[in-house]
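The values are calculated or read from the model by the stated rules, or taken from the named source; none is laboratory data. Everything numeric in this text was worked out from a predicted model, so none of it was measured. Ideal geometry is used to build each Cβ from the backbone, glycine not excepted, and the neighbour counts take in all protein chains shown. These accessible areas exclude ligands, DNA and RNA; they are computed on the full protein's heavy atoms, side chains included. Shrake-Rupley method; radii C 1.70, N 1.55, O 1.52, S 1.80 Å.
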Amino acid sequence: MNLSARRIRGIFRKELRDYRRNVPVIVSMAYLPLIFLIQPIVVIFKVDSSTAQIISHAPVLLYMLAIPALTPAMVAAYAVIGERQQGTLEPVLTTPIRREELLLGKAMAALVPSVAVSYTVFAVFVLVVDIFAAHGIAAALIQGPQLLAQLVFTPLLAAASIWIGIAISTRSNDVRSAQAFSLLATIPLAVPTALMAFKVIPATLGIALGFAAVLVLADGLGWRFVSAMFDRERLITGTR
Amino acid sequence: MQTQPQPVPPHNTTSPALSVERLSKRFGDRIAFDDVSFEVGPGEVFGFLGPNGAGKTTTVRTLGTLIAPTSGLATVAGIPLTPENGLEIRRRIAIMPESPGLYLRLSVKENLECFADLYETPKPNDRIRAALQAVNLVDRASDICGSLSKGLRQRVALARALLSDPEVLFLDEPTAGLDPAAAHEVHDLIDTLRRGGVTIFLTTHRLEEAERLCDRVAILNTTLRTIGPPKELRDRLFGKALVIRTVQPLTDPGDVLVGVPAVESWRQDEDGTYILVVSDVAAAAPAITRALVAAGADVLSISESRHSLEDVYLKLIDQDGETDPK
């Protein structure tokens, strides 16, 4: 199967242009990260320098990986059902675009802002902690392995979250229920990082690599799986 | 396992642009359309008429590869209608759905840029400009589609359909909801496309539109009721007739009208008005005039009875209502 980079780019560019002017999508993309930003900042500012040693042994920053795990699905859930409700899906499907191209363009368009928001929120958190937290807290909190984990896992988790959101979007009949179901369905993605953050399972290199491998596989299979779910006839006629 | 697409032969310009043979589509127990057969020649404007729920839009979607037929065969732009050929067919056709389906938060140009990419149109900026010129929207290229009137949105959708320079253009109710002036502009554009050799498959409720634009029309009511040029359909269903009006009713019209060459039958419509079914208008009209003058009748007018496509349509649909109460 030969995929067309131009058709994928066409969908990608259109989606980004549409997001830019779509207030509900921007709100969806903004409010969850804010919750995940404010809560740890409040916690960190309550901590004094005497507890820095304790913090240094807890991978607190992994908690922030909940942002790419949960947020992108809210945006991706809009991708297919949103177009279907607006009546814009049928004209797109009358063009020579393959479903794999359409879905990849949409997924990439959800991935880019989601990763950007996640990195930005994380950077803001690190900066705030570095400037304003009690002495020693920043050094205890901001550690190389955790920064690297954030850098690597953010796009992997976001992509998995997006495929879950799009899968639900292709089978939903309205945007709100698609977003609600997507949020619920992505919660398991945040579980491993949360368990590491709360030291239920150890944050070792082996576990991190294993988790990364599973995510890479899930992201690739997700594309294929969602493409197979994408039924033009059902989406156009609402039957079958 | 994916089936490999069959090699697609180059489209022979003398072969039909559309060929449909016993095509049917069912959704479970519901029949959308059944046993439909017709051909559309290259460069022809073909009207597809029918009441709501007759299966017109489903036929367009089927030929446009959006949905799969339940049975039957078809070729679209010279390519057999099979799931493997869907992409190649969609490259050669364009469909303007009944609802424009524009991205309302994007500008006119941004909408067209997206579709130029999807069709992989070479020199997209030139094509976009040409399409906008065709629908007189060059000066509105930067407008956000959500701010446009319904008529303007319809024109943008038409520009979008023209982007790929299609061999076959499906227009599903292109003037629905448009005011007469905007509808007239769309008609002019269809005329222009016809002169450019584009095959147009037009579904419409506007019978005067079909009569004005279409070389042939088909009337669908789940099954195909009739097909042919509008004039031929009128003649086929209603025959040729002359309407005679006299100042005073004829004393004995049978004496005057029976035996006149080319007159097959007659009936009185109202006082002083007679409708004559004739085999040849050109032969009957002068003979009747002479007969009336010889009978001393004061003739007000003799005219050919003109049945519209609407009469044809209503007669066929009424017949369906009588024979097949759904």
Inside the range B:16-59, the number of residues satisfying the requirement of being hydroxyl-bearing (Ser, Thr, Tyr), under 21 Å from B:Val312 (Cβ atoms) and either in a strand (DSSP E or B) or touching a Cys at 6+ places or on another chain (Cβ under 7 Å) (or both) is 1
Over the range B:26-62, the set of residues away from chain A (no Cβ under 14 Å) and β-branched (Val, Ile, Thr) is B:Val36, B:Val40, B:Val45
Q.
Considering only the range A:178-191, I want to know if a residue exists there that is under 30 Å from A:Gln143 (Cα atoms) and either in contact with an Asp or Glu (Cβ under 9 Å, 6 or more places away or on another chain) or free of Cβ contacts under 8 Å to residues at least 40 places away in the same chain (or both).
A. yes
Checked B:Ser279, B:Ser265, B:Ser301, B:Ser308 against criteria (on the phi < 0 side of the Ramachandran plot and at pLDDT 90 or above); the one match is B:Ser301
If we keep only residues of the range A:107-124 that are in contact (Cβ under 8 Å) with a residue 60 or more places away in the chain and under 22 Å from B:Arg105 (Cβ atoms), then the residue nearest to the other protein chains (Cβ to nearest Cβ) is A:Ala109
If we ask which residues in the range A:190-222 are within 17 Å of the chain's Cα centre (by Cα) and open to solvent by less than 50 Å² (accessible area, probe 1.4 Å), their number turns out to be 11
Taking the range A:10-46 and keeping residues within 7 Å of chain B (Cβ to nearest Cβ) and either touching a helix residue (DSSP H, G or I) at 6+ places or on another chain (Cβ under 6 Å) or of a type in the set (Phe, Trp, Tyr) (or both) leaves A:Gly10, A:Lys14, A:Arg17
Picking from B:Tyr119, B:Tyr103, the residue that is in contact with a strand residue (DSSP E or B) (Cβ under 9 Å, 6 or more places away or on another chain) and among the aromatic types (Phe, Trp, Tyr) would be B:Tyr119
Of B:Gly197, B:Gly272, the only residue that is closer than 30 Å to B:Ile93 by Cα and not polar (S, T, N, Q) is B:Gly197
Contact list, first residue from the range A:207-218 and closer than 19 Å to A:Pro145 by Cα, second anywhere and outside any helix (DSSP H, G or I), beta-carbon distance below 9 Å, six or more apart or interchain, is A:Ile207/A:Ile201
The lone condition A:Leu151 fails out of (1) closer than 30 Å to B:Phe27 by Cβ; (2) open to solvent by 70 Å² or more (accessible area, probe 1.4 Å); (3) not aromatic (Phe, Trp, Tyr) is (1)
Just to be sure before I move on: is A:Ser161 of a type in the set (Ser, Thr, Tyr), buried (at least 24 other Cβ atoms within 10 Å of the Cβ) and farther than 25 Å from A:Asn2 by Cα in the structure I sent?
yes
If we keep only residues of the range A:84-106 that are open to solvent by 10 Å² or more (accessible area, probe 1.4 Å) and under 24 Å from the mean Cα position of the chain (by Cα), then the residue farthest from the other protein chains (Cβ to nearest Cβ) is A:Leu104
In the set A:Ser227, A:Ser169, the lone residue that is open to solvent by less than 40 Å² (accessible area, probe 1.4 Å), within 14 Å of chain B (Cβ to nearest Cβ) and either at negative phi or outside any helix (DSSP H, G or I) (or both) is A:Ser227
